[in-house]
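Colleague: Just passing along the structure, written as C-alpha cells.
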Amino acid sequence: MLLIPCPYCGPRPEIEFSYGGEAHIARAADPRRVDDAAWTSFLYLRSNRRGDHAERWRHAHGCGRFFNVVRNTNSDHFLATDKIGEPRP
Amino acid sequence: MQRFSAFALFRQALNGQKGWDRQWRDPEPKPAYDVIIVGGGGHGLGTAYYLAKKHQVRNVAVLEKGWIGGGNTGRNTTIIRSNYLFDESAALYDHALKLWESLAEELNYNVMFSQRGVMMLVHNVHDEQVFKRHVHANRLNGVDNEWISAEAAKRFCPPLNIAPGMRHPVLGAALQRRAGIARHDAVAWGYARAADALGVDIIQNCEVTGIDRDEAGRVSGVQTTRGAIRTRKLGIVAAGNTSVLMAMAGQRMPLESYPLQALVSEPVKPVFPCVVMSNTIHAYISQSDKGELVIGAGTDAYISYSQRGALHISMHTLEAICELFPMFRRMRMLRNWGGIVDVTPDRSPIIGKTEIPGLYVNCGWGTGGFKATPGSADLFAWTLAKDEPHPINAPFNLERFGSGRLIDEAAAAAVAH
Ligand SMILES: Cc1cc2nc3c(=O)[nH]c(=O)nc-3n(C[C@H](O)[C@H](O)[C@H](O)COP(=O)(O)OP(=O)(O)OC[C@H]3O[C@@H](n4cnc5c(N)ncnc54)[C@H](O)[C@@H]3O)c2cc1C
Ligand SMILES: [Zn+2]
C-alpha cells in the first residue's frame, strides 16, 4: 500500500485516497471549436509513462481535496507534490 | 522438430530420456527480417507462428526483452471463456475459443486445455439482469451460456456456499460449459517450438529501445540491446509496455497500465471442479492440475510498471473467497505476484494498423487477454501479412476512439480475469 503525501494533511495510507489519473489534461475552453483529433486526445490518449508521471489524487476520506504529485511508476516513489493551481514541479 | 507422442516418450525412456533436442534454437539476430514482432508472450509468439504457417512469411523474428512467457502470459490465472456481450466481441473471443479446442493437436504440444466450465455468480438484482442479458445476447450469437439456479450452481461446484444469510448471497449463476483453463507456459512454449520449426527466430534477452523510420516516415527498423535490426513491418505486442514502445515512434495510445495480482495456495488433492468468478465481490478461482488453488485479485488504482500489487487488494479478494468457500479458510497461500496490464477506455483490445506506415499494434487486452491468445495471434498475423484487418478484428481498430464506435465491454470485463 502506498504512503501518499497529501499537501494539506501529510502522509496518509493509500486507502484514504482515490486516484484521479494523469494530471494537467485541460478541457478545452470552448469544446465546440475543438476538432476530433484534439477531442480524442483529451478524452482518451494518455502518456502512461514508465518513469516520472504527473498525476492527480484526491484525499477522499480526509480533507477531500484534489492535488497533484509526480510519482515514479517503476519504483512507485513519490517525488513531488503540489496543490492545485500551483506551478508544475 | 522432434514430435511428441506416447511412442516417442517410450522410445526415449529406453535411454533415460536423454535424447531430447532443445525445443527451439537460440539464434543471433540477423541484420534484417521481413517482419519483427516485439514481445514474446503468447500473442506475439502465436502471431509469428500463424505468419509462418498460414501466410508463408517465414523470415520473422520475435524480440523479447526477458524470457518468453515471462510477461502476463506466465502470470495470468488462465481463465478462457467467450461470453462477451457485443456481437464484435462474441465473434472475436469465440474465434479464439474454437482455436483452443484444437490447439494441442495443432502445435503437437499439450497445452492442458480443460473445458471444465466457468460459472459467474449472481449476488443481487442488478447482477441478475445484467447476466440474463448476457445469456440471451450470447445465445443469439451462437455462444453457449446458460442461466442456472443457486442450487444448480452448488451441484456444479460443491464447495460453494449458498447459505441465504451471507453478506453477498448467491442467487444464481451464468454458466458457460465450453469455457475453462489451460496451462499458460505451455501455450508460450508450444507456439515458440512450432514457430521455430518453421524458421522463425526467437530472440530472448533482446530489449527494443528505439524505432527507426525513413524520410517518408515509414518504419525501417528497430534499435535493440543486441544491435540495430532492419524491417519494414513491425508488430508491437508488448501488453503493459505498449505505450512505452509506441512512444518511440511518437504515437500516443489510449492505454493505461495497471498492476494486476494473482496468488496460489499450497497444492491439495482435487477439490474444485470448475472455475468460479464473482464480479460483484471481485474474486475468481480454479484449481490447477498441480493442485494449487489459483486465485485472481483486482487491479491497483494507479498506473504502475512495478509488477507488484498492494496487499489490501489481495486481502479483499481472499475475504470474498473465504465467504464463498468456507472450506478454504485455513488454506495457506504459497506465492503472490503481479503483472502489468494495458487497459483501454472501452475494455476492448486494439488489433490493427496505425497511421505510421509499417507499424502495427496488438494491445489493450488488459486484464483478460489470455483467453484470446490463439484468436488474437491468428487475426494479427492476417493483418500483418495482408496489410489489412480480417473482418473479425476490423472493428477493434485504433480509430474507434476518434470515431466514437467504442465496443464497451466494461460490464463483461468488470472483474479482472
Ligand atoms: C494476474 C493476472 C491474471 C490474469 N488472468 C487472466 C485470465 O484469467 N484470463 C485471461 O484471459 N487473461 C488474464 N490475464 C490477462 C492476460 O495475462 C494478458 O492479456 C495476456 O497474457 C497478454 O499476452 P501478451 O502476449 O499480449 O503479453 P505478455 O505475455 O505480457 O507479453 C508481452 C512481452 O513483451 C515483452 N516486452 C515488453 N517491452 C519490451 C521491449 N521494449 N522489447 C522487447 N520485449 C518487450 C515483455 O517482456 C513480455 O514478455 C491476467 C493477467 C494478469 C497479470
Ligand atoms: Zn488531505
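Colleague: Can you give the Rg to Rh ratio of the protein assembly as shown, both from alpha-carbon atoms, with Rh computed by the Kirkwood formula?
Modeller: Checking Rg against Rh, the ratio lands at 0.97.
Colleague: Shielding by partners for B:249-262, please: the mean number of other protein chain Cβ atoms within 10 Å of each residue's Cβ.
Modeller: Mean shielding by partner chains, rounded to a whole number: 3.
Colleague: What percent do you get for the relative contact order of the range B:1-144 when only Cα pairs under 8 Å and 6+ apart count?
Modeller: Relative contact order, the range B:1-144: 19 percent.
Colleague: Can you give the net charge of the other residues whose Cβ lies under 12 Å from the Cβ of B:Arg22, counting K and R as +1 and D and E as -1?
Modeller: -1
Colleague: A follow-up question, please. Counting only the backbone N, which residues of the range B:87-120 are under 20 Å from the spot 7 Å out from the Cα of B:His136 toward its beta-carbon?
Modeller: B:87-91, B:120
Colleague: Using only atoms on other chains, find how many Cβ atoms lie within 10 Å of each Cβ of peptide A:39-47 and report the average.
Modeller: Averaged over the peptide's residues, the number is 6.
Colleague: May I pose another question? Would you kindly state how much longer the chain becomes between B:Lys30 and B:Glu399 on full extension, computed as 0.36 nm times their sequence separation minus their alpha carbon distance, in nm to one decimal?
Modeller: 129.4 nm
Colleague: Would you work out the relative contact order for chain B, in percent, from Cα pairs under 8 angstrom that are 6 or more residues apart?
Modeller: It rounds to 22 percent for chain B.
Colleague: Reachable aspartates and glutamates from B:Lys269, Cα under 14 Å, same-chain residues fewer than 8 places away excluded?
Modeller: B:Asp289, B:Glu292
Colleague: Over the whole of B:303-310, what's the average partner chain Cβ count within 10 Å per residue? Rounded to a whole number, please.
Modeller: 6
Colleague: Among the chymotrypsin sites (Phe, Trp or Tyr not before Pro) within the range B:1-98, which fall in a DSSP loop and have no more than 15 other Cβ atoms within 10 Å of their own Cβ?
Modeller: B:Trp20, B:Trp67
Colleague: Here's something else I'd like to know. Which stretch or stretches of the range B:27-55 have amide N atoms under 13 Å from the point lying 7 Å from B:Asn205's Cα along the Cα→Cβ direction?
Modeller: The answer is B:27-29, whose backbone nitrogens lie closer than 13 Å to the label point.
Colleague: Extending each Cα 7 Å along its Cβ direction at B:Phe10 and B:Met166, get the distance between those two points in nm, one decimal.
Modeller: 4.8
Colleague: Based on the mean of other Cβ atoms within 10 Å per residue, sort peptides B:303-314, A:58-69 so the most packed one is first.
Modeller: The peptides rank, most packed first, as B:303-314, A:58-69.
Colleague: Any chance you could give the angle, 0 to 90 degrees and rounded to 10, that helix B:42-55 forms with the longest Cα principal axis of chain B?
Modeller: So the inclination is approximately 60 degrees.
Colleague: Rounded to the nearest 0.05, what FRET efficiency do A:His77 and B:Glu105 give with R0 = 41 Å and r taken as the Cβ-Cβ distance? Could you check?
Modeller: So the FRET efficiency works out to roughly 0.25.
Colleague: Taking a threshold of 31 Å on the Cα-Cα distance, which of the pairs B:Lys54/B:Lys371; B:Lys30/B:Lys290; B:Lys154/B:Lys371; B:Lys290/B:Lys371 fall above it?
Modeller: B:Lys30/B:Lys290
Colleague: Taking loop as defined by DSSP and a crowding limit of 16 other beta carbons within 10 Å, which trypsin sites (Lys or Arg not before Pro) in the range B:188-255 fit?
Modeller: Loop-located and lightly packed - B:Arg218, B:Arg226, B:Arg232, B:Arg252.
Colleague: If one takes the longest principal axis of the Cα atoms in chain B, at what angle in degrees, from 0 to 90 and to the nearest 10, does the Cα axis of helix B:311-324 lie?
Modeller: Compared with the principal axis, the helix lies near 40 degrees.
Each reported figure results from applying straightforward, stated rules to the coordinates on display, with no laboratory input. Quick caveat, the model's predicted, so the values are computed rather than measured. We place every Cβ from the backbone using ideal geometry, glycine too, and count neighbours over all the protein chains shown.
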